Amino acid sequence: MDTTIINTMLTKESIFTVLFVFMLFRQIKHSEQQEARSREREDKLTSFLDGMKDEFANLVKQYERLSEDVEDIKNQIHVRKEAKKDE
């Protein structure tokens, strides 16, 4: 009777041990896959942000040129108004 109980307990423990090891390896594999997806997502976001940085730099240049053009137009209008006053 004692050996039957011990064998039964060993069998139950063996099942749980195998199940634990299986679940552990499964979790490790899942974590590795998750990490790979995270790295891929991070790379995509980094490249997107680099592209946005370049686009923003282009917009800043365009804004500066537009601002200079507006200042030139203001100066020309001011010069024409002054010329009309002098006439």
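Specify the angular offset, from 0 to 90 degrees and rounded to the nearest 10, of the alpha carbon long axis of helix 2-86 from the longest principal axis of the alpha carbons in the chain. It is inclined by approximately 0 degrees.
When the P(r) is computed for the chain, the part past 20 Å accounts for 72% of the Cα-Cα pairs. For the chain, the number of Lys pairs with C-alpha atoms closer than 21 Å, counting only pairs eight or more positions apart or on separate chains, is 5.
We did not get these values from a lab; they are worked out from the coordinates using the rules stated. Predicted model only: the values in this text are computed from it and were never measured.
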